[in-house]
Every structure is written in C-alpha cells, then in structure tokens.
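Let me begin by presenting the structure, written as structure tokens, before commenting on it.
The values are calculated or read from the model by the stated rules, or taken from the named source; none is laboratory data. These numbers come from a predicted model, not from an experiment. Neighbour counts run over all protein chains shown; Cβ positions are idealised from the backbone, glycine included.
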C-alpha cells in the first residue's frame, strides 16, 4: 500500500476539510465526517493538518500578511509619492520582518507568497480604478502620457487603438515583467480575477522577450498567458517574441523587425505595469545569473561584469541595469530585449508622483 500524501487528495475533499476547520470544527469531528461523506473509513484525524497546507498550496485560501501603514506614509511624504494619482494610499508596504525571518529562519517561498498575495490585490484595485476612469470618460489613452516627440513615427491606428472603439468594451492594458516574483503575482492575480464580476477587457502585454535561462522558461512573461485563460472577460494578448538577449550593436535592428516593432509601438497603451527590482548583489537575480552563465560558458568575458560593477551597478529593473546616478550604458556588449527602458518608467512615474514637476499631461501608467 502506497504512503498517503495530501497532494493526491481531490479538490473537493481538500476544500471541504479546510472550510470545516476554518469554521471551528474539531479535527476529530471533521475526520468522522470525511469517513462518511467520502466513503473513507481509513481517514484519520492527523490527516487534517497536512490538508490545510495543501489547501493553501492550491490557493483555496491565503494568509494576508500585515501591512506597515506608518512606513508607507513616511515614504509617501518623504518622496512625495502619488501626487498625480489622487490616491490616499499610493504606497503599500508589506511587513514581513517578523520573528521567523529576523532570527535567521529563512521562510523562502513563503515570503514571496505573502508579498505577491498583497501585490495581486493591489493590481486588482488598479484594474478597477482604471476601468472606472475610462468608462466615465476621465481616463484618456495613455499615449497622452508621453511627450509628442517620443511618439513621432508611430502609427496611431494600431490594432489596440481600434479595438476599444469597435468592441464597445472598456480596455485595461496590463504589462507583466519576467522573473519569479512577477510570475507569482501573475498567477495569484489570475486566481483573484476569476472571482471578480464586471471585469473590463484585459489586454496583457509582455515586458520582456524571455526568461533568460533556457532551463527556466516558466519565468518568461509569455508563459503567464495561460494563467488568464478562462477569465470571465474578453482577453487579448500582446507578446514580445524575439531573442531574449541580443548584441547591443544589433538592438536597433531587432526593433525594426515587424513583429517586434508593432508590439513596441503598443507600449504607449499600457495602463498598469507589474515589475520588480533586483539587486546586483542578489545571487538569484535573473540578470546577474544570466550574465554569469554567459561568462561560465565562454560567451562573455569576465571583465564585462567587472566593467558594470566599476560603473556603479547596484541593480536592475526589467533586466536593465542602473547605478545611483541612473541607467548604465550597455558595457558588457549584450542587452535584454525589453518593451520599456528605465527612462520610460521614470518618465511615466514622474507624472504619477510629482505632476507639477513633470511635463506629462493627462494620465500615466500605474506601477505595481
């Protein structure tokens, strides 16, 4: 007889056990009920507890971590964050500095799970906010968030600009970045949206062309699309298909590829951007790991990474490196193919945070 494992139990049984336990029923009582309801005479009281963990793994319920409102307010006031959003709470700080972490007991994926649970809820609220603004006529297209000189040469009659007028649906454009954190946010977000009513049409864009390491394709944003299949709303996908990393000298040629160019032109439609930062010191960061992989395989000189460090490399966002002073030039000879540059995100965020100091009119994408 094989050993019992909670992962082998059906969704119906796992959900029923979790629901009864959270209602306050005793474990022995739940076990007796399972024996009768599911014809499981072998079921034991001690099996209840592993099933609670299994319920969390299957996202039947999630723990919502505490938020640090004091620190969020300090960040808002110190950096004047969100003045253009007309949102009383533009910053959300998740308080994960509790005992299990501070005593050195690594919680690993649990920390990511708690963080991405909150992030997904923030994105749900932003989707609702953008949809309300657009449906009321107060949410103009986000092309107006970019200076006209940056839009010269782009075709204003892109497919996305016509779809909303033709379909009659309010469209919300969501950009998803690559990496583990963004992947987990996307997965949790799709689960949250499945229970929402009156959703707008969602147009989901990928912000990068891959997940870097060939052994980790699940971290490529195009792989997130399957999470959203079956949502109770119209869906459209805008995928950036290209080499993940190209020679810096050839990047402009790659951008002229029709499939890449048309996707990049549609970046102006973005309403919400979901991405994350990575420290240059983080050994798990995708950019650092990929560059090291190139060095180890002999495809990149080791001095290239040293040149980035000498330039003050402290981290990256959307696989584009930066220092304390700003974006770092492509010193190592290769670069990621991305929908947005750091300058784009700074330009849009400038309006969101300090509209009086920005030349951007009308509206700008919301960042998560």
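Odds and ends about this structure:
- Evaluating residue 246 against the criteria (1) within 19 Å of the chain's Cα centre (by Cα); (2) not in a loop (DSSP other than H, G, I, E, B) leaves one unmet condition, (1).
- For residue 231, the test of being within 30 Å of residue 292 (Cβ to Cβ) and at pLDDT 90 or above is failed.
- Just one of (1) within 22 Å of residue 263 (Cβ to Cβ); (2) touching a strand residue (DSSP E or B) at 6+ places or on another chain (Cβ under 8 Å) fails for residue 347. It is (2).
- Residue within region 276-288 that is assigned to a helix (DSSP H, G or I), over 19 Å from the mean Cα position of the chain (by Cα) and either crowded, with 21+ Cβ neighbours inside 10 Å or on the phi < 0 side of the Ramachandran plot (or both) present: yes
- Restricting attention to region 180-209 and to residues that are part of a loop (DSSP other than H, G, I, E, B) and in contact (Cβ under 8 Å) with a residue 60 or more places away in the chain, the residue that is farthest from residue 131 (Cα to Cα) turns out to be 209.
- Subset of region 338-367 that is surrounded by fewer than 21 Cβ atoms within 10 Å (Cβ to Cβ) and assigned to a loop (DSSP other than H, G, I, E, B) - its residue that is modelled with the highest pLDDT: 341
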